[in-house]
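This report refers to the structure that appears directly beneath it.
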Amino acid sequence: TQLLEQSPQFLSIQEGENLTVYCNSSSVFSSLQWYRQEPGEGPVLLVTVVTGGEVKKLKRLTFQFGDARKDSSLHITAAQPGDTGLYLCAGAPTDSWGKLQFGAGTQVVVTP
Amino acid sequence: DAGVIQSPRHEVTEMGQEVTLRCKPISGHNSLFWYRQTMMRGLELLIYFNNNVPIDDSGMPEDRFSAKMPNASFSTLKIQPSEPRDSAVYFCASRTGTSGNEQFFGPGTRLTVL
């Protein structure tokens, strides 16, 4: 099993602050995804990164895939209460047949 | 467009009872996944199907759990007999082979076994 470790487990910040969530593994992934899950709902895909070193921006969210395709980070600039949620990273092993390995998640709370 | 549909949304049952969870994937998607989410263990893959055929059921906890996909638009996850430790939120997700690895999740079924 290729484990994905997320840190921190929990993050509470004030509106307007920046935050970074990390996703690390000792294994190589063919791609890595970030999902956000809100209470009572299923996870929703935010982004997929495929190439080592890739950086993708989605408004105030910046996603980076490590050069070796073993780790990733999610950075949120000027966080807003609407960013509150559980952020999950998910890696596709190189022989996954479509399977994803999910991290345990980072609970982010942004207070006004 | 309708997303992944799951029913029921909530289920409360007593230990020893049979529980059946249902899922309708997005039309045209050829892969379907069943997950279980708990605070302690996070999101765990139980089983997944490709073109209605079970590909990997290594995540199914034990023989009390079974899953079927009789056709491309319907799948069930059955627990018989249920136990309190089965209490969790169960998600169904589907994906199309042309969308990369993106999985589309249903709203989940919150199961409580007393």
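A few points about this structure:
- A Cβ distance below 7 Å, combined with a sequence gap of six or more or placement on separate chains, defines the contacts here; from the stretch B:56-83, residues that are without any contact (Cβ under 8 Å) to a residue 12 or more places away in the chain reach residues that are small (Gly, Ala, Ser) in the pairs B:68/B:75.
- Test: residue in the stretch A:17-30 that is more than 13 Å from the chain's Cα centre (by Cα) and modelled with pLDDT of 95 or more: yes
- Selection status of residue A:69, of a type in the set (D, E, K, R) and either at pLDDT 95 or above or surrounded by fewer than 15 Cβ atoms within 10 Å (Cβ to Cβ) (or both): no
- Inspection of the stretch B:17-38 finds a residue satisfying the criterion of being touching a residue at least 24 places away in the same chain (Cβ under 8 Å), surrounded by fewer than 13 Cβ atoms within 10 Å (Cβ to Cβ), over 25 Å from residue A:37 (Cα atoms) and touching a strand residue (DSSP E or B) at 6+ places or on another chain (Cβ under 9 Å).
- Top-ranked residue of the stretch B:8-21 - restricted to ones that are part of a strand (DSSP E or B) and within 14 Å of another protein chain (Cβ to nearest Cβ), ranked as farthest from the chain's Cα centre (by Cα): B:10
- Matching strands (runs of 3 or more DSSP E) fully within the stretch B:38-114 where at least 1 residues are hydrophobic (A, V, I, L, M, F, W, C) and within 8 Å of another protein chain (Cβ to nearest Cβ): B:42-50, B:53-56, B:88-95
- For the stretch A:96-106, the criterion of being modelled with pLDDT of 95 or more, part of a strand (DSSP E or B), within 12 Å of the chain's Cα centre (by Cα) and surrounded by 15 or more Cβ atoms within 10 Å (Cβ to Cβ) is met by at least one residue.
Conditions tested, residue by residue: (1) in contact (Cβ under 8 Å) with a residue 40 or more places away in the chain; (2) within 17 Å of residue A:104 (Cβ to Cβ); (3) in contact with a Leu (Cβ under 7 Å, 6 or more places away or on another chain).
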{"residue": "A:3", "(1), (2), (3)": "yes, yes, no"}
{"residue": "A:9", "(1), (2), (3)": "yes, yes, no"}
{"residue": "A:18", "(1), (2), (3)": "yes, no, no"}
{"residue": "A:30", "(1), (2), (3)": "yes, no, no"}
{"residue": "A:36", "(1), (2), (3)": "yes, yes, yes"}
{"residue": "A:42", "(1), (2), (3)": "no, yes, no"}
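- Qualifying residue in the stretch A:46-67 (condition: under 26 Å from residue B:92 (Cβ atoms), outside any strand (DSSP E or B), touching a strand residue (DSSP E or B) at 6+ places or on another chain (Cβ under 8 Å) and within 14 Å of chain B (Cβ to nearest Cβ)): yes
The values are calculated or read from the model by the stated rules, or taken from the named source; none is laboratory data. None of the values given here were measured: they were computed from a predicted structure. Because the Cβ atoms are built from the backbone with ideal geometry, glycine has one as well, and the counts that use them run over all protein chains shown.
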